[in-house]
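Shown next, in structure tokens, is the structure this report addresses.
The values are calculated or read from the model by the stated rules, or taken from the named source; none is laboratory data. Just so you know, these numbers come straight off a predicted model, no measurement behind them. Every residue, glycine among them, receives a Cβ derived from its backbone with ideal geometry; neighbour counts consider all protein chains shown. All accessible areas refer to the heavy atoms of the entire protein, side chains included, with ligands and DNA or RNA removed. Shrake-Rupley method; radii C 1.70, N 1.55, O 1.52, S 1.80 Å.
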Amino acid sequence: MNWLQRLLRRDRLEQELDDEVRFHLEQLVSEYRAAGSSEADARRRAAREFGLVDSIKDECRHVRGTDWLSDLLADARIGLRVFSKEPGFSSIAVGALALGLGVNAVFFSIVNTYCLTGLPYPLAARLADVSIRDDLGRERPLSPAQVRAIADLPSVDRLGYYTTRTGAVRAPESIASRRTIAYVSDGLLSLIGETPAHGRAFRSGEYRDTDATTVLIAAELARELFGSEAAAVGRDIRVDGETSTIVGVFPDGTRFPDNADVWAPLSSLALADDAFALTLSLRLKEAATIGGAAPMIEGALRQQRVLASDRQHVSVVPLNDRYHGSVTDPVWVAFITAGLLVVVIACANVSNLLLARGVRRTDEIAIRLSLGATRGRIVRQLFAETLILVMAACAASLFFGWAGLHALVATIPRTALPYWAALDLSWRAVFFVIGVGAVTVLLSGMAPALQLVRVPGVPFNARTSTQGRTTGRWSSAFLGIQIAISVLLLCAVGITLQVYRTLANAAGQTQLAQVLSAGVTLSSQRYAVTPARERFVTELRRRLLSSGQVQWVSVAGALPGTRGESRMIAGGAIREPGGFVSTAAVDPTFFSTLGVPLVSGQEFTDRDADRSGSSVVVNDRFAQLFFGTRAVIGQQVRLQSATGAAAPDTRTIVGVVRLPGANPAVNGPPLMFVPRPVGAAAEAILLLRGTVPPDGFAALLRESVQQLDPDVPLSNVLPLPQATREANWNARVSQTLISSLAFVGFCLAMIGVAALTAHRVATRARELSIRVALGATPAMLVRAVLGPVIVQLSFGLVGGALLARGWQRAFGSPIAASDNLAAVIVLVSATALLFSAWPARRAARVNPIVALHADG
């Protein structure tokens, strides 16, 4: 019988032990009675000879090997009774640890999803992704000629390739929607092991047919268009203006590649041999390795002279690496480090709380030591109590992690996450929290446990030992670091909130609240050339303006308030070349549609185009950063792409604009607006402003597009503030994570302030009692307690201010702006003093008679 069986059958074994002891005792009684002793004398002699029954039972139980677990359960029961008498302490300790572990649960779930989980395919680990990289490390697609050269290699088992495009999809009687269409080769879907749940897959002849009119669709699209997956099979569907037949529907969770909604045979595109548009995935034979595949493939491509230049090289990585990050990437390392630091801070706070509580338990520990308890027994009891706290914190942290992940997912648009990314609290995350909790038991419980029984046979005594002062110095130093980091985090949150408040104020401006935005996609063959797109946009604008409801119509490359193309300032008349600026392509009516007047200069004209030497309009933030107080109109700037691949081109500034709610001295990025000809690209943003609210002419926009071409999809038809908010979801998520981390760090720092203050009050109980006996007033005692707190707080605030200024100098973010830093200092100071007020008031109410008597 193993120890687990002995533990589970404990009651039965105890009964057997009682019966056996009683049997042997009765045997002795029988022997003495047979020798002529009376009943009472026989039992007395038998008990004397047999020995103490309880001691014998303890020796028998020890042989079972389950004493340690029984003792642990007994210690746990004692700990539960102790904590039930101190609900305030228990709540604070559990809450501090739960916050730290909860942050780790959220962060680990994110890292687990993007770095550890892998694609939901059984053979994903054996698959590789092949791409061409230029001399700047940028990924380039492959051409059909390059794919054929790779397919002929003997080490390639099988491969598949594809290209994805954004297009219009609709049922014959429905409105077109913007969808991702994947044009796939024969072998790609079988390479990842995917087959339709309803209907059939493509036949081999359909992959070779240049006039193929069959498609596969995702389950979600089938339910949206036809009500169910089964009902979609055999139905017609319009894909980029062409009618096709649905032959199969994939199950939920199949969206490979790139969140595809529709799959069509690649042959229907009729790509030329030199059309660089393909992404290649392959599976190597067992003898080949991914590490040796790149030089082999690159050699074959150079031998057949199908590489565009000598500066290009081949990159072969596991397929999972294409879609996932690595835990060694700086972003994920920062995530993990931040989470673990929060746990360390939480452990330090709980240690301080346990130390402060332990000072009040010196009498209890002294009695136990005097009664013969060993140091190890007391340490085990204290560790058992810490274990109870951590177990409760782990349970609470899982709830915090679950709630935090759901709140995080709620801030992300449904279509923004990859189809394989499921941000949830997996079993891996639960085990991670349990593992961190196990380490937390050691970090939080070791120092208090060893400190309280440091001298054998003598309880911890703050009057005669320097260990309290030593512990206090370490706690003070760590608390100063906590406060400094909290100031830095709160400054980052403060400046971010200012930017968001500015955006909210801008969104609340009447002229922006009256603007309707909509994405339009002209992707079919009908609009393959610029004149065709220009005719469509011109006719749509004419219809909208003639309705009487719409006054202004503009076409832009991106939503206002979102980042456009990043360009580098290479020179010109500016003060400090080398900075980056976000550029947005807009048409001449852009500023009038938004209702934003120019500060100086003029708007674009119909003759302007996005080319070297053309005109640009900048915002006042750009003018303030790069020109200071100098005149801006007529100045020239030299622009270069962010990667430096293209030659610089010179632009002339013709106007300066201030966007609603912006403060050029505090927030907002430098922006540059470049002219955009009508019909310049297949995808654009329509902006409309009229005499009625946006909802009033949204139907007019849809109706006008339907009349012009029912195969042109509109997407995100929303008022401009709402559309901008959804487009900036990534910044919103980052803001949520930064705010959560700052909030947790700030709360833990304040708990640390309270714990350290309480610890100091407990260790100075005799000193404070003497002061009261000598006539000290409550106000004097409060000042005596809060004095060290103020000193500690001052060091932390100074350190935090220095960190904020260093951050501002290193990264350029104005987090150390005087108003922002002052608000954070006031907040931290007021909260720290508030958290210290309770132990300070408790010290002011000390009874000297009781305190001195208890102190001995």
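Here the contact order of the range 296-445, divided by its residue count and restricted to Cα pairs under 8 Å and six or more residues apart, works out to 33 percent.
How would you rank 648-658, 82-92, highest first, on the average number of other Cβ atoms within 10 Å across their residues? Present the calculation step by step, with values, prior to reporting the outcome.
Values: 648-658: 19.4, 82-92: 13.7.
Descending mean neighbour count gives 648-658, 82-92.
Once R0 is set to 45 Å, what does the formula 1/(1 + (r/R0)^6) return for the Cβ-Cβ distance between residue 148 and residue 605, expressed as a FRET efficiency to the nearest 0.05?
On the way: r = 49 Å, r/R0 = 1.10.
With a Förster radius of 45 Å, E is 0.35.
Atom-type composition of the exposed protein surface of the range 744-801 places 73 percent of the accessible area on carbon and sulfur (1.4 angstrom probe). Projecting label points 7 angstrom from Cα along Cα→Cβ for residue 275 and residue 140 puts them 1.9 nm apart.
The distance from the alpha carbon centre of the range 245-303 to that of the range 76-130 is 38 Å, rounded to a whole number. Taking each residue as 0.36 nm, the span from residue 203 to residue 364 lengthens on full extension beyond its C-alpha to C-alpha distance by 49.8 nm. Taking a Cβ cut-off of under 13 Å around residue 722, the surrounding Lys, Arg, Asp and Glu residues balance to a net charge of 0, with basic ones at +1 and acidic ones at -1.
The slack in the chain from residue 235 to residue 327, taken as 0.36 nm per residue of separation less the alpha-carbon distance, amounts to 28.6 nm. Normalised per residue, the accessible area of the range 738-823 is 47 Å², obtained with a 1.4 Å probe and no contribution from ligands, DNA or RNA. All other residues with a Cβ under 9 Å from the Cβ of residue 313 taken together, and with Lys, Arg as +1 and Asp, Glu as -1, what is their net charge? Value of the local net charge: -1. Solvent exposure of residue 198, expressed as accessible area, is near 70 Å², computed with a probe of 1.4 Å over the protein chains only. Note on residue 258 and residue 377: the model spin-label points, each 7 Å out from Cα along the C-beta direction, lie 7.2 nm apart. Computed over the alpha-carbon pairs of the range 159-295, the distance histogram in 10 Å steps reads 12, 43, 31, 10, 4, 0 percent, short to long. Using the Cβ-Cβ distance between residue 27 and residue 442 with R0 set to 35 Å, the FRET efficiency works out to roughly 0.10.
Electrostatic tally near residue 526: other residues with Cβ closer than 11 Å to its Cβ, Lys and Arg +1, Asp and Glu -1, net -2.
Extending 7 Å from the Cα toward the beta-carbon at both residue 422 and residue 802 defines two label points whose distance is 4.9 nm.
Calculate, in nm to one decimal, what residue 819 and residue 730 gain on full extension: separation in residues at 0.36 nm each, minus their alpha carbon distance.
Details: separation 89, 0.36 × 89 = 32.04 nm, distance 2.68 nm.
In short, 29.4 nm is gained.
The string of couplings for the range 91-108 from the Karplus curve (6.51, -1.76, 1.60, θ = phi - 60°) is 5, 5, 5, 5, x, 4, 5, 5, 4, x, 5, x, 4, 5, 4, 5, 4, 5 Hz, one whole number per residue in order, with x for Gly and Pro.
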